[in-house]
Amino acid sequence: MNQNLYSLLFAHFPKDSAAPCMILPDGRVWTYGDVERASARMANLIVELGLKPGGRVAAQVEKTPEALVLYLAALRAGMVFLPLNPAYQRHELEYFLKDATPGLFVCRPQMRVLADELAAQAGAGNGCTVLDLDDDGRGSLISAATPQPDSFSTVARTTADLAAILYTSGTTGRSKGAMLSHGNLAHNARTLHAYWHFASGDVLLHMLPIFHVHGLFVACHCVLLNGSAMFFEPKFDAARAMKLLAQSTVFMGVPTYYVRLLLDPAFGRDTCRNIRLFVSGSAPLLKETFDEFKLRSGHTILERYGMTEGGMFTSNPYAGERRGGTVGFPLPGTSLQIVGAGGAAVKPGVVGNIQVKGDNVFVGYWGMPEKTQEEFTADGYFKTGDMGTLDADGYLVISGRSKDLVITGGLNVYPKEIEELIDAMPGVVESAVIGLPHPDFGEAVSAVVVRQKNPAGAALTEASIIGAIKGQLANFKVPKWVYLVDQLPRNAMGKVQKNILRQQYSPMRSR
Ligand code: AMP
């Protein structure tokens, strides 16, 4: 049987090709038939351009139905899809194109001149065609695909063949291309579809970007495997969400979306009357957000954990207790272990390095065999780079990235423990704890704190925050330095960019 992921998805498309797949903000609908025919035209075009199975199709475009169809077309034609964040500029693009040497690069019209220049360099004689696609789904990609035939026989792929390369956010060192196979993506899609009880009649509200694992794989695969409809919105917008939630049954978001929904006083049970499942992930959901959301909406957010290198690894249960501040249990088919520095498993309650193994775990980093080898144990576990612990009932609690671990005077400090204390103080919105270079301690525990715009927030000072933590925690964990700010830097997936904070604050203290 053809193991091409598109064949699996297609097998679940509704019998009625007029059934809606994507519902756009202006009310236009892309039916499953439209998706099938448009992806066939684009797949034919890709083949006509001379790309051979295994060739790369890079896309740096806004979120449109055509962009999703381009992904499906690349799968159908046996190509490897490379979605790129539209925020990337010359320096980043140059690296990705040189590294992945795509045969086709689809860009936005405003990037066309740069794209032509970079593609000419990157192709190194192999030839990289550049086409464009604008924010309204028009451009040379569409003009070239329109005359192509409406049908295409999906190219046979094995589970081991590559389907996509997703570049990791690369907050330290070079960004790495995580190679995901048809088998990896199909495994995770099937698992999540079943675990989260997708069923006929579901409608997803899709407001995530589609250059990332969350929006492209987790969200779209669940919908396509379910043959159901999604509201396909260009981006998150709280006011739009307030309207569309009433017509949806599932919502997937990063924690920031939930925080923003709660800012609207009108948000409540009535807004969510039709929803059966709220999923959160890609960054830690604060326990307060989880609790307030439950209070206001009557819904318990299901938090899950995963990463580019393998999709989802753990999830809170669908039917059992969803525990705030945890990311639940390993998903079926994923083995998870928590190990200490020496590689031996640690006891529940002890923080260690999270390692995972399973059919969803990626094949390796593109063009980096040594790096790939370093990141896997001898028995095939992937070292996620995240630290965490299992609570008494086996729920996984994430403590943060190991590179964010602060080592002060030779002692390990897990930022989350301190962040939780600071976040619970009156007047605090949120905080990020980082290590900054210190002449005696190596690193000094430092806290960057966002204050509420109220008297309790205004009353907060470096001394009051440090004073409140002293006595609650061992002295070496008490922040030496505190910075009060209006907001924390976040990337498109709502992750706090601690690398930026470290850069920003390091020189200040040494001056
Ligand atoms: P990405 O590869 O961009 O999806 O980022 C993956 C990283 O996001 C993981 O390695 C974690 O550090 C973090 N992450 C994802 N989901 C969660 C979660 N529910 N709670 C805390 N961190 C998370």
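Bear in mind that the values in this text are calculations on the coordinates, not laboratory data. Since the structure is predicted, the reported quantities are computational estimates derived from the model, not experimental observations. No Cβ is skipped: glycine too gets one built from the backbone with ideal geometry, and neighbour counts run over all protein chains shown.
Miscellaneous remarks
- Segment Arg90-Ala144, extension gain: residue separation times 0.36 nm, minus the distance between their alpha carbons: 16.8 nm
- Two numbers describe the Cα atoms of the chain: Rg and Dmax, which are 23.3, 72 Å.
- Taking the convex hull of Cα positions in the stretch 406-509, its mean projected area over all directions (nm²): 6.5 nm²
- Exposure proxy ranking, count of Cβ atoms within 10 Å, fewest first, for His12, His212: His12, His212
- Calculated [θ] (222 nm, deg cm²/dmol) that DSSP helices of n ≥ 4 give over the chain, each run adding -39,500 (n - 2.57): -8500 deg cm²/dmol
- Relative to the longest principal axis of the Cα atoms of the chain, the long axis of helix 112-123 makes an angle of roughly 90 degrees.
- Within the stretch 9-86, the percentage of alpha carbon pairs spaced more than 20 angstrom apart rounds to 35%.
- Size descriptors for the stretch 336-486 (Cα atoms only): Rg and Dmax, in that order, 18.2, 55 Å.
- Spin-label model, Asp391/Arg490: points 7 Å from Cα along the beta carbon direction are separated by 2.3 nm.
- Distances between placed amide hydrogens fall under 5 Å for Arg276 paired with Val250, all partners being 5 or more residues away or on another chain.
- Packing-based exposure ordering (other Cβ within 10 Å, fewest first) of Ile354, Ile407, Ile500: Ile407, Ile500, Ile354
- Across the cross-link table entries Lys287/Lys495; Lys416/Lys477; Lys287/Lys470, which are compared at the Cα atoms, the separations over 18 Å belong to Lys287/Lys470.
- Counting beta carbons within 10 Å around each of Ser282, Ser402 and listing the fewest first gives the order Ser402, Ser282.
- Calculated FRET efficiency for the pair Arg28/Ser151, C-beta based, R₀ 25 Å, to 0.05: 0.60
- For the stretch 487-499, 3J(HN,Hα) computed residue by residue from phi via the Karplus equation (6.51, -1.76, 1.60; θ = phi - 60°) reads 7, 9, x, 10, 8, 4, 9, x, 7, 5, 8, 5, 4 Hz, glycine and proline entered as x.
- For Met79, the amide hydrogen comes within under 5 Å of the amide hydrogens of Gly54, counting only partners 5 or more places away or on other chains and with H modelled in the peptide plane.
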